[in-house]
Amino acid sequence: MKKSALPVIRFPQGMFPELRHRLLADLERESFALLLGKRTVVDDHCVIKVVEVVHPTRDDYDGQSLASLRLKREFVYRQLVRMQQQGDVDTLIDVHTHPFCPNGAAFSGIDDRDERDFMSWLDETLDDIGYASVVLSQSDYSARVWSMEDGQPVASTARVKTQIIAEAWPCADSRHDDTTDVTPSDLGTGFLARTTLALGLDAMRSIVSDQTIAIVGVGGLGSVVAENLIHMGFQSVQLIDPDVVEITNLNRIVGAYHSDALDSRLKVEVVGEHLRKINPDAVVEAHAVGIEDDSTLAALMRSDWIVVATDNHFSRYHAQIIALQLGVPLLSAGVNINVKDGQIADWSGEVIIARSGDGLCLNCLGRINPTLVAAYEHRADTIGAELVRKGYVTGQEVKEPAVKTLNAIVGAMAVDALLNQFTERQRHVPVTVYESNHLSAIYPDEQWQSSRQVSCYFCSSLQ
Ligand SMILES: [Zn+2]
Ligand SMILES: [Zn+2]
């Protein structure tokens, strides 16, 4: 299966259903809205993250007769001026309805002409502003991103993506996609038959088709997450980790054997091989680099979720920055074992879900220590040495205690929390804690909101 490189327009949580609801409230006439977005382009991949919706007032429409209804140019220009002043957005997305169409949303000849003219004008006037458009019927959408090729405006079909499947809408052009289509009979009789009996056909269909999960860190926790994802039916995963298997890892990495440690094999290769042995149809991409490496960005642009399963603050920081930049939802899993004077003082773990638009991230929840990020980033130079000298960090990579059972529980919690984003069986919980101290318990952390750092630089500038 080759993943298509269609441009993606990504909405934060809640925004796309609200937009549809508002624009399709009036089925008597076409309605319009402008979205302001930020685009990331790497090779032939393009992701536009929607940042803001601007609804025109009746005065912003040019003419009230149905045939000639359109937005006044002045209204559009005002948004372009604002975008240039604001600086955090660089793409204009125009959205309108074809309310007389029950389904099969398609751009009309008039849309084609208007948009082509606008793109040419935009290119001549403000060549750093991107342009895309979406048309909504009563039950689906069609979308495209405009660019200039040899001085001519060219439209590429695009996909709209939401944070969760429940907010998504059918794409009228999806029959042209080359993504896998798993038939109900595959689910009923294949290796996922028992999972399908538990989760139901609808949930399974959205899990197995068209979902790519990136896993940052495939050690003791990440390998368990990866194995659980494959067992639950996810078909496409991307593994990101620069490290090799060592003898001391063999107490917890799923799929790693003694010989792998002797041969110093890459964790992404070893775990990837394990996943493909479980499901030969699974698409497993191995990236033997740290997440900060530029080469991972294109992969993450194709992912629907980023799962962070590393205890390293530097990679957590980068994963969160990229997730916010691209508008991709992030799931973070972590474990903690604290031994004091030969006694276990803490044995716990947590799962955090930070979707774009939720108003929380690993930074404002205090899960990223800037000193540790800086020390890791500058580990080879004088800043790193200075942090060690002042006692902020030790200078050596601290080997934390780590055991399989804790990883297995928290890894299963992480995948269950992710599955709940598809099935919506339980209410959404941003922070879930596992604790095995006086008692063993899994509970929602209801305090996250009050302990959150209110003015978060990450969320406020990138979200
Ligand atoms: Zn139209
Ligand atoms: Zn934040």
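Worth pointing out:
- Available extension along the chain between ARG22 and ASP127 is 34.7 nm, counting 0.36 nm per residue and deducting the alpha carbon span.
- Contour excess over end-to-end distance, with Cα ends at GLN86 and TYR257 and 0.36 nm allotted per residue: 56.2 nm
- Between helix 73-86 and the chain: long-axis angle, C-alpha atoms, 0 to 90°, nearest 10: 30 degrees
- The amide H of GLY334, built 1.01 Å from its N in the peptide plane, has GLU350 as neighbours under 5 Å, considering only residues 5 or more places off or on other chains.
- Using alpha-carbon coordinates, inclination of helix 313-326 to the longest axis of the chain, degrees: 10 degrees
- Karplus-based coupling profile of the range 107-118, in residue order and whole Hz: 5, 8, x, 5, 4, 4, 5, 4, 6, 5, 4, 5, with θ = phi - 60° in 6.51 cos²θ - 1.76 cosθ + 1.60 and x standing for Gly or Pro.
- Helix-only arithmetic for the chain: the sum of -39500 (n - 2.57) across DSSP H runs with n ≥ 4, divided by the residue total, places the mean residue ellipticity at 222 nm at -10000 deg cm²/dmol.
- Packing-based order for 81-88, 190-197, 167-174, using average beta carbon neighbours within 10 Å, highest first: 167-174, 190-197, 81-88
- Using alpha carbons only, the radius of gyration of the range 232-353 set against its Kirkwood radius gives Rg/Rh = 0.99.
- By average C-beta atoms within 10 angstrom, highest first, the peptides 36-43, 225-232, 415-422: 225-232, 415-422, 36-43
- FRET E, pair ILE110, SER455, Förster distance 45 Å, beta-carbon r, rounded to 0.05: 0.45
- Cα→Cβ-extended label distance, 7 Å offset, between GLU446 and ASP381, nm: 4.8 nm
- The range 343-361-the range 414-435 distance, computed between alpha-carbon centres (Å): 12 Å
- Ranked by the mean number of other Cβ atoms within 10 Å of their residues, highest first, the peptides 359-365, 211-217, 123-129, 151-157 come out as 211-217, 359-365, 151-157, 123-129.
- Three-way shape label, the range 27-112, alpha-carbon gyration tensor, a/c 1.5: oblate
- Here each label is just a point 7 Å from Cα along the line to Cβ, and for ARG276 and GLN343 those points are 5.0 nm apart.
- Annotation: amide H of VAL160 within the under-5 Å range of ILE9, sequence separation 5 or more or interchain, hydrogens built in the peptide plane.
- The chain: Cys lacking any partner C-beta under 4.7 angstrom: CYS46, CYS101, CYS171, CYS361
- Using a Förster distance of 60 Å, the FRET efficiency for ASP60-GLU246 (Cβ separation, nearest 0.05): 0.45
Taken together, the values in this text are just the output of simple stated rules run on the coordinates, not laboratory data. Keep in mind it's a predicted model, so treat the numbers as computed, not measured. In this analysis, Cβ positions are derived from the backbone assuming ideal geometry, glycine residues included, and neighbour counts consider all displayed protein chains.
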